[in-house]
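The values are calculated or read from the model by the stated rules, or taken from the named source; none is laboratory data. Since the structure is predicted, the reported quantities are computational estimates derived from the model, not experimental observations. Cβ coordinates were reconstructed from backbone atoms using ideal geometry, including for glycine residues, and neighbour counts include every protein chain displayed.
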């Protein structure tokens, strides 16, 4: 009886000490980030980053002749306001798609291409962090090393696999996908490219969860699945939201993967805008097209902003 009480007391003391250490580290991080020089640096970076965006936004409401002959800053001395650029963009398109149809394609491509790698990465990061299996460290190093492989090197082999399927030792493992249309190949490509970084980031966050919490759940009889879904996943939600924002913005703004895998009726808005402005005569429409395509990313970012900030600060609390 005495040994049990002492053991429980020792675990509670370690948990309290760990929690206090994390709180102290978080306080030091907040103090460093709130210093005057950090505030001034943040303001300068924000202003420098915003000026080109402001110029692009103002140009989107200017006439074509004004865009071609004068700088965007002349708008303040000689205001010229028109919605013709936005009307032209919304009415334009390719022989197969309009801008609005490609906008819908971007949504259909981006949401699964964000959710699927996050689900796989979260489970893999949990396994690397809290499940002891043979070859775990070597496998994690291999996954981490995949980040240095350029995407361009994988495009041709992946395209070949989609077209002809995968053949191992003379056995046809998978059949080829229809690369000329559909979304499946785009989802798979974005998932494969996102997994190494997503696993690495989520692993760093999950490994910082106090081990006393996991051990207490095991003592109470929780299975690995219950620990993952009821304890680890809720605690990791800020990091998951941060990775989700990065992945969503990456997929939404992607053009390289879209050019290779998203042909025909599955083309996203980035590809359609590139085709419209790439012909030369409609380059000025890119100012309006950029803000049409940025609507959804802005909504996603501001909706998950508080989780994004928490996820960024989470790594700084390691004491």
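Residue check: is residue 256 surrounded by fewer than 18 Cβ atoms within 10 Å (Cβ to Cβ), under 30 Å from residue 184 (Cβ atoms) and at pLDDT 85 or above?
yes
Taking the condition over 30 Å from residue 209 (Cβ atoms), outside any helix (DSSP H, G or I), modelled with pLDDT of 80 or more and out of contact with any helix residue (DSSP H, G or I) (no Cβ under 9 Å at 6 or more places or on another chain), does residue 52 pass?
No, not satisfied.
On the basis of being closer than 19 Å to residue 291 by Cβ and under 31 Å from the mean Cα position of the chain (by Cα), does residue 88 make the cut?
Yes; evaluated as a whole, the condition is true for this residue.
I'm checking my understanding of the structure. Among residues of the stretch 269-283 that are surrounded by fewer than 20 Cβ atoms within 10 Å (Cβ to Cβ) and in a helix (DSSP H, G or I), which one is modelled with the lowest pLDDT?
Per the stated criteria, the residue is 278.
State all residues of the stretch 55-78 that are part of a helix (DSSP H, G or I) and surrounded by 11 or more Cβ atoms within 10 Å (Cβ to Cβ); if no residue qualifies, say none.
Once the filter is applied, which keeps residues that are part of a helix (DSSP H, G or I) and surrounded by 11 or more Cβ atoms within 10 Å (Cβ to Cβ), the stretch 55-78 yields 55, 56, 57, 58, 59, 64, 66, 67, 72, 73, 74, 75.
Output the number of the condition that residue 81 fails; it satisfies all remaining conditions of (1) surrounded by fewer than 18 Cβ atoms within 10 Å (Cβ to Cβ); (2) not in a loop (DSSP other than H, G, I, E, B).
Of everything listed in (1) surrounded by fewer than 18 Cβ atoms within 10 Å (Cβ to Cβ); (2) not in a loop (DSSP other than H, G, I, E, B), residue 81 misses just condition (2).
For the stretch 19-28, check the following and say yes or no: at least one residue is assigned to a helix (DSSP H, G or I) and modelled with pLDDT of 80 or more.
No, every residue in the stretch 19-28 fails to be assigned to a helix (DSSP H, G or I) and modelled with pLDDT of 80 or more.
Restricting to the stretch 84-96, count the residues that are in a helix (DSSP H, G or I) and in contact (Cβ under 8 Å) with a residue 60 or more places away in the chain.
The qualifying residues number 5.
Looking only at the stretch 185-202, how many residues end up being buried (at least 22 other Cβ atoms within 10 Å of the Cβ) and more than 13 Å from the chain's Cα centre (by Cα)?
4
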